[in-house]
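Visitor: This is the structure I have questions about; it appears just below.
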Amino acid sequence: MEPAWNLPDILRLLATRPGEARQALYDRADAVRREYMGDEVFLRGIIEFSNICRNDCLYCGIRASNDRVARYRLGEAEILELARRMPEHGQTTVVLQSGEAPSREGDAALARLIARIKAETPLAVTVSVGNRPREVYAAWRDSGMDRYLLRFETSDPALFARLHPDCGLAERLHCLEDLRSLGVQLGSGFMIGLPGERRETLAENILLCRGLELDMIGIGPFLAHPDTPLGGARNAYALDPDMHFLALAVTRLVNPDAHIPATTAYDALFPGSGRNLALTRGANVFMPSATPGQRRRDYLLYPDKPCVDETGDMCARCVMGRLAALNRRVGIGPGHGRRSPNVTSNPKEFQS
Ligand code: SAM
């Protein structure tokens, strides 16, 4: 039986002191990752297909009020072409992410796009476009959507309300419940070190991931974007940035069989090493960017986002070097969640 985790246990782990004790915790998280998820790293190519957003989240670089952003939306043909190239690079999932801009036409266009990707490629499809009513999620699922990614951002309702004025935490959690009830594989997570966050909040965040029985957990450092109201704010762990790895390692211990990506924000905080270290401290998924090079600077959620000057398949090739250096293998098959019943892709499609 897996251990029943509680808040004091998690707080104790988060208080692990720098040095040997922290390294021992990282090693334990790495061993748990190996035991439950193996040495394979699943590659999910991410296409940030639109930065149009009607929300005004105080932390986010593409918030509606930031008029320094050039807005774009990629067309269906361009997205399909990007997705078609993924399998040759070992990528078995496409992640379609955008700002939050619901419209009947846009939601219907996304349904058509999902259906075409499923019909024309062997890829699993993850969508990450924010809150929607259950019927919209249901239509996307019926078109073939395998997974959905919607971070709860923070488990503290007051902090959520302050930083995310367009909806409350309860509404976000309701969306996650809808998705779960539809049998869609569920991804959520949080930012680490939001201004106003306390160690207890972080512990509650990790516990909430467990409570939601997530298939995928996306977490990453909060980084202050200069063109947002939080531009001058400091990450809550600015004096001890390794807390971001501690959070990742503890998230793995508490959620041993979840897919956990080494998120891009780790490379922004720890240039050149962040994502590689994350892969040795609990993470088992990598999301190379497939967003067209000329659009990447318009999808800056936070500053110092890596790879913004890269074009073509550079990220797809770069990840192979990272994995070789870490002695890890590319995941074969879609890397579905282990909990959800709605597994629609056939792993054999990826075996050569
Ligand atoms: N609009 C969709 C949503 O809200 O789920 C998906 C896109 S949203 C831009 C993707 C994620 O970026 C958010 O869930 C948030 O955690 C992260 N993010 C936004 N601003 C950030 C910042 N300043 N630092 C770190 N992560 C940030």
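The values are calculated or read from the model by the stated rules, or taken from the named source; none is laboratory data. Just so it is clear, the model here is predicted, and its values are computed rather than measured. Here Cβ is always computed from backbone atoms with ideal geometry, including for glycine, and neighbour counts include all displayed protein chains. What goes into the accessible areas is simple: the full protein's heavy atoms, side chains included, and nothing from ligands, DNA or RNA. Shrake-Rupley method; radii C 1.70, N 1.55, O 1.52, S 1.80 Å.
Visitor: Taking the range 189-222 on its own, how many of its residues are open to solvent by 30 Å² or more (accessible area, probe 1.4 Å) and under 24 Å from V127 (Cβ atoms)?
Guide: 5
Visitor: Pairs only if they're at least six apart or on different chains, beta carbon under 8 angstrom, first in the range 129-157 and farther than 16 Å from L96 by Cβ, second open to solvent by less than 20 Å² (accessible area, probe 1.4 Å) and of a type in the set (S, T, Y); list them, first residue then second.
Guide: Matching pairs, first to second residue: F152/S188; T154/T201; S155/T201; D156/T201.
Visitor: Could you list all residues from the range 45-58 that are in contact with a strand residue (DSSP E or B) (Cβ under 7 Å, 6 or more places away or on another chain) and open to solvent by 10 Å² or more (accessible area, probe 1.4 Å)?
Guide: If the condition is that a residue be in contact with a strand residue (DSSP E or B) (Cβ under 7 Å, 6 or more places away or on another chain) and open to solvent by 10 Å² or more (accessible area, probe 1.4 Å), then I46, E48, I52 are the ones that fit.
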